[in-house]
1. Can you tell me how many residues in segment 49-74 are loosely packed, with under 13 Cβ neighbours inside 10 Å and in contact with a helix residue (DSSP H, G or I) (Cβ under 9 Å, 6 or more places away or on another chain)?
2. Could you tell me how many of the residues in segment 26-48 are buried (at least 19 other Cβ atoms within 10 Å of the Cβ) and either over 14 Å from the mean Cα position of the chain (by Cα) or without any contact (Cβ under 8 Å) to a residue 24 or more places away in the chain (or both)?
3. Quickly run through segment 52-81 and pick out the residues that are touching a strand residue (DSSP E or B) at 6+ places or on another chain (Cβ under 8 Å), part of a loop (DSSP other than H, G, I, E, B) and within 15 Å of residue 28 (Cα to Cα).
4. Can you tell me which residue is nearest to the chain's Cα centre (by Cα) among those in segment 9-20 that are more than 14 Å from residue 59 (Cβ to Cβ) and without any contact (Cβ under 8 Å) to a residue 24 or more places away in the chain?
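What follows is calculated from the coordinates using simple rules that are stated; it is not laboratory data. Everything numeric here is computed off the predicted structure, so don't read it as measured data. As a convention, Cβ positions derive from the backbone with ideal geometry for all residues, glycine included, and neighbour counts pool all protein chains shown.
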């Protein structure tokens, strides 16, 4: 089965920010998924530059994507531009947190 962006996002949907009970995909932390054969390059951010869980989120993201059968290498670049805002959250995530 071919590796797709959807498969990568599905794997990443199992990574939760420990401070917010919402996965990083629905939080809007994953900015880009690029697939080059069996190499996955991710651009993602954190809710703030001082996020105390950043290391844990990055390591778990790398582990889960790397566990996909078609993936040989996973690279993650943390970016701060554009900065994360609650508007990047999915409608479902905003609703679960009471944000209109």
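1. Our first condition is that a residue be loosely packed, with under 13 Cβ neighbours inside 10 Å; within segment 49-74, this holds for 49-50, 52, 55, 59, 63, 67, 69, 72.
In the following step, the residues that additionally are in contact with a helix residue (DSSP H, G or I) (Cβ under 9 Å, 6 or more places away or on another chain) were identified as 67, 72.
The number of residues fulfilling the criteria is 2.
2. The total comes to 1.
3. Across segment 52-81, the qualifying residue is only 79.
4. My answer is 13.
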